[in-house]
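These notes are about the structure you will find just below.
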Amino acid sequence: MTASRLRVKEVAKGLKGVQRMASRRDFLTLSAATLLGGRIALPSSTSIRAEQIKKEALRKKLATDPQRPRYHLMPPANWMNDPNGPIFWKGQYHMFYQHNPNGAFPESMHWGHAVSPDLVHWKHLSIALSPTPGGPDKDGCWSGCAVVDRAIPTIVYTGVFPQVQCLARSDDGMMNWRKDPGNPVIAAPPQGMETTGFRDPCVWRERDEWFLAIGSGIKGESGMVLLYRSRDLIYWDYLHLLCKGRKDELLPGNDPVSTGEMWECPDFFPLADKHALIVSTLGAGRYVNQYFHPEIQGKADLGDSYYAPRSMLDEKGRRILWGWLREGRSEAAQRAAGWAGVMSLPRVLTLGHEGALSMAPASEIEVLRGRHQRFEGLPILPSSISPLKSVRGDSLEIQAEFEPGACQAVGLTVRSTPDGKEQTSITYNRTSGNLLVERERSSLSPDVERGSSGGPFALAGDETLKLHVFLDASVIEIFANDRACLTSRVYPLRPDSLGLGMFARGDKARLKTLNVWEMRPISPNRLTA
Ligand code: FRU
C-alpha cells in the first residue's frame with residue numbers, strides 16, 4: 001500500500017500530454033480579476049463550441065475504451081483517487097471521492113459525488129467540494145469523511161496547504177455544500193508536535209460527543225493516529241494518540257508515507273465485539289478508554305493497486321469497505337486515456353478466524369450476472385494451460401474451487417490470447433506460500449507495470465483453494481478463501497485477450513467446480529455511472 005502512494009506522487013510530477021482545460025479555480029480567479037478591472041470578459045461562442053466538441057470527443061473515446069471498467073464506479077471522466085465520506089443516508093448510498101475534474105492527473109482536488117440505491121448502479125451528482133480561492137482549502141479539498149449532525153449532513157475534510165481540517169454542510173439533501181465560515185476548525189497539529197502530515201479526518205459519535213481520528217506521524221518514529229474530541233464538530237480538543245506504529249516496522253526510503261512515518265486515511269470503527277483501525281496496514285483490536293490496542297495486523301489487500309480504503313455502515317448493519325484502485329500504467333498513458341482511478345467493489349467486512357478481518361464482495365453485485373457456465377471435476381495436468389474454450393470475456397465473475405493435491409502451484413489464466421502472447425496468471429504458489437497475479441505477459445504495451453503482485457497466503461491441510469475473481473476491463477479483483485484480497489491492474493492490447501484457462505505446476509491438480517458469469521455493465525455507455 002505504501003508503494004502505491006509513492007507512485008501517485010511520481011505521477012503528480014512532470015505533467016505533459018493531452019491539453020489541459022481551464023480548471024474551475026482558474027475560471028473563478030479569472031472572473032474575479034476581470035470583474036475587478038471593471039470589464040466582464042465572457043468566453044466567445046467559438047471557444048464554448050470548441051470546448052463542447054472537445055468534451056464530446058472525450059466522451060466518445062471513454063465510452064469505447066476497452067481498458068475502461070464497465071461495472072466499477074468511476075467518475076464520468078478524468079482523475080479520481082481516495083473514496084471519501086461514504087455514507088448511507090435516507091435509503092441511499094452516497095459516495096464521494098478525490099477528483100480532479102480538469103484532467104486525468106492528481107491536481108487541485110475536488111470531492112466528486114455519486115449516489116446509488118443498491119451499491120451497484122450509480123448516478124453522478126454535481127461536484128460536492130471545490131477549492132475556494134484564498135480559503136484554507138485553496139490548494140485542494142483532500143480526503144475526509146461524512147457524518148449526520150442533528151439531521152444535517154456534514155463533511156469533515158482536510159484543506160491544503162498547510163494541512164488543516166474543515167467542515168461543510170448541506171441543507172438540501174446533499175446536493176449543495178456550504179463551507180463553515182469558521183474554517184479551518186482545526187488549524188494545526190497539537191502544539192510542539194512536528195508531524196509528517198496532518199490529514200484525512202475520520203469522525204464518529206460516542207453518546208453525546210464527537211471523536212475525530214486523524215492521520216499523522218513523526219519522522220524517524222512511526223506513523224500515528226491523533227485523537228480529538230468535540231461537542232459540536234467545531235471546537236476540538238486534542239486528547240492523545242489513538243494508536244501509533246512501531247519504529248522497528250519503518251521501511252527505508254525518503255517519502256514518509258512509504259517508510260511508514262506517515263499514516264494516511266485512518267478509518268476506525270466497531271466490528272462485532274472489537275474495533276478495527278485501517279491505515280496503511282489493517283488490524284483489529286480492543287478500544288478501551290479511547291485508546292486502541294491492536295491485537296492482530298494484516299494487509300487489506302495483497303496487491304499494490306488498492307489504497308486509502310474507507311468504510312460505511314448501512315441500514316442492514318453491514319460494514320462496507322471501499323478502496324481506490326490506482327492505475328498501473330504510465331502517467332502519459334493515463335492522461336491520454338482521459339481517465340484514471342477506479343473505485344473497488346463494495347467489500348463487506350466481518351471478523352474472521354482469530355479476529356482477523358475478512359472481506360466478501362457485497363451480494364448486491366450478483367444482479368449484474370448474465371450468461372452462466374458451470375464446470376465440474378476437471379483434472380489439471382501439470383506444465384500446460386488447459387483452456388476453457390467456451391468461456392471468453394473481460395467482464396466476468398469467476399468462482400473456482402481447486403484441489404491443489406501435491407502441485408507446486410495452481411491457478412487460473414485470464415485475459416489470454418489464443419496464442420498466449422498476452423495472458424495473466426492468478427496463482428496460488430504452494431511452495432512459496434503466496435497468492436499472486438503474474439503480469440509478465442499481461443500486455444504487449446511497453447507502458448504498463450509488469451511483474452508479480454501479491455503476498456503471503458497459505459492453505460491449511462486439505463483446504464481447497466477458493467478463488468472469487470472479478471474481471472472488469474483493466475481491473476482484476478480477487479477474494480481468496482474469504483480471508484485474502486488481491487487487486488491488480490492489467491492492460492492487454494489485443495482484442496482477443498479474452499480467454500480463460502487453468503494450470504498446475506510441478507504436479508497435477510483438480511478443478512472441483514467453476515462457475516462463470518458474464519457481467520452486465522452498470523450503464524449503457526459507461527459515462528452515466
Ligand atoms: C491518500 C491521500 C490522502 C490525501 C489525498 C489527496 O491517497 O494522499 O492522504 O488526503 O490522498 O488526494
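The values are calculated or read from the model by the stated rules, or taken from the named source; none is laboratory data. Keep in mind that what you see is a predicted model, and the values were worked out from it rather than measured. Virtual Cβ from ideal backbone geometry, glycine too; neighbours counted across all protein chains shown.
Criterion first (within 23 Å of N183 (Cβ to Cβ) and within 24 Å of the chain's Cα centre (by Cα)) does C243 satisfy it?
In short, no.
Filtering the range 139-166 down to residues that are among the small types (G, A, S) and more than 11 Å from the ligand (Cβ to nearest atom), which residue is farthest from D200 (Cα to Cα)?
A151
Residues that are within 20 Å of the chain's Cα centre (by Cα) and farther than 25 Å from L471 by Cβ, at least 3 per element: which strands (runs of 3 or more DSSP E) completely within the range 62-170 meet that?
Per the criteria, 78-89, 92-100, 110-116, 123-129, 140-149, 152-160.
Specify which of the listed residues (D507, D496, D482) is among the acidic types (D, E), touching a residue at least 24 places away in the same chain (Cβ under 8 Å), in a loop (DSSP other than H, G, I, E, B) and closer than 30 Å to A77 by Cα.
D496
Does S395 satisfy the criteria of being under 30 Å from A63 (Cα atoms), modelled with pLDDT of 95 or more and surrounded by fewer than 19 Cβ atoms within 10 Å (Cβ to Cβ)?
no
Please verify whether E331 is among the charged types (D, E, K, R) and within 16 Å of the ligand (Cβ to nearest atom), treating the condition exactly as stated.
Taking the combined requirement at face value, the residue satisfies it.
Within the range 254-271, restricting attention to residues that are more than 16 Å from the ligand (Cβ to nearest atom) and in contact (Cβ under 8 Å) with a residue 40 or more places away in the chain, which residue is surrounded by the most Cβ atoms within 10 Å (Cβ to Cβ)?
So, considering only residues that are more than 16 Å from the ligand (Cβ to nearest atom) and in contact (Cβ under 8 Å) with a residue 40 or more places away in the chain, the one surrounded by the most Cβ atoms within 10 Å (Cβ to Cβ) is F269.
One residue is enough: does the range 103-119 have a residue meeting the conditions within 16 Å of the ligand (Cβ to nearest atom), among the hydroxyl-bearing types (S, T, Y) and at pLDDT 95 or above?
yes
With the condition kept exactly as written, say whether any residue in the range 494-510 is modelled with pLDDT of 95 or more, in contact with a Phe, Trp or Tyr (Cβ under 9 Å, 6 or more places away or on another chain) and surrounded by fewer than 21 Cβ atoms within 10 Å (Cβ to Cβ).
Within the range 494-510, one or more residues are modelled with pLDDT of 95 or more, in contact with a Phe, Trp or Tyr (Cβ under 9 Å, 6 or more places away or on another chain) and surrounded by fewer than 21 Cβ atoms within 10 Å (Cβ to Cβ).
Show me the strands (runs of 3 or more DSSP E) found entirely inside the range 271-370 where at least 1 residues are among the basic types (K, R) and modelled with pLDDT of 95 or more.
Ranges flagged: 306-313, 319-325, 347-351.
In the range 302-312, which residues are within 14 Å of the ligand (Cβ to nearest atom) and within 21 Å of K274 (Cα to Cα)?
Passing the criteria: P309, R310.
Look through the range 87-133, keep the residues that are hydroxyl-bearing (S, T, Y) and free of Cβ contacts under 8 Å to residues at least 60 places away in the same chain, and return whichever of them is surrounded by the most Cβ atoms within 10 Å (Cβ to Cβ).
S116
Being within 28 Å of A300 (Cα to Cα) and either away from the ligand (no atom under 16 Å from the Cβ) or free of Cβ contacts under 8 Å to residues at least 40 places away in the same chain (or both) is true for just one of L242, L233, L212. Which residue is that?
Selected residue: L242, the only one of L242, L233, L212 that is within 28 Å of A300 (Cα to Cα) and either away from the ligand (no atom under 16 Å from the Cβ) or free of Cβ contacts under 8 Å to residues at least 40 places away in the same chain (or both).
Here are some conditions: (1) acidic (D, E); (2) surrounded by 15 or more Cβ atoms within 10 Å (Cβ to Cβ); (3) without any contact (Cβ under 8 Å) to a residue 24 or more places away in the chain. D65 meets all but one. Which one does it not meet?
With (1) acidic (D, E); (2) surrounded by 15 or more Cβ atoms within 10 Å (Cβ to Cβ); (3) without any contact (Cβ under 8 Å) to a residue 24 or more places away in the chain applied to D65, the lone miss is (3).
Would you check which residues across the range 424-445 are under 21 Å from K508 (Cα atoms) and surrounded by 19 or more Cβ atoms within 10 Å (Cβ to Cβ) and list them?
Within the range 424-445, T424, S425, I426, T427, Y428, N429, R430, L435, L436, V437, E438 meet the criteria.
Could you tell me whether the range 462-479 includes any residue that is aliphatic (A, V, I, L, M) and outside any strand (DSSP E or B)?
Yes: one or more hits.
Could you check, for the range 69-83, whether at least one of its residues is more than 16 Å from the ligand (Cβ to nearest atom) and under 22 Å from K179 (Cβ atoms)?
Scanning the range 69-83, I find no residue that is more than 16 Å from the ligand (Cβ to nearest atom) and under 22 Å from K179 (Cβ atoms), so the answer is no.
Any idea how many residues of the range 214-270 are within 24 Å of S311 (Cα to Cα) and charged (D, E, K, R)?
Residues flagged as within 24 Å of S311 (Cα to Cα) and charged (D, E, K, R) within the range 214-270 amount to 7.
Which one of these does M174 not meet: (1) in contact with a helix residue (DSSP H, G or I) (Cβ under 7 Å, 6 or more places away or on another chain); (2) on the phi > 0 side of the Ramachandran plot; (3) not acidic (D, E)?
Answer for M174: the failing condition is (1).
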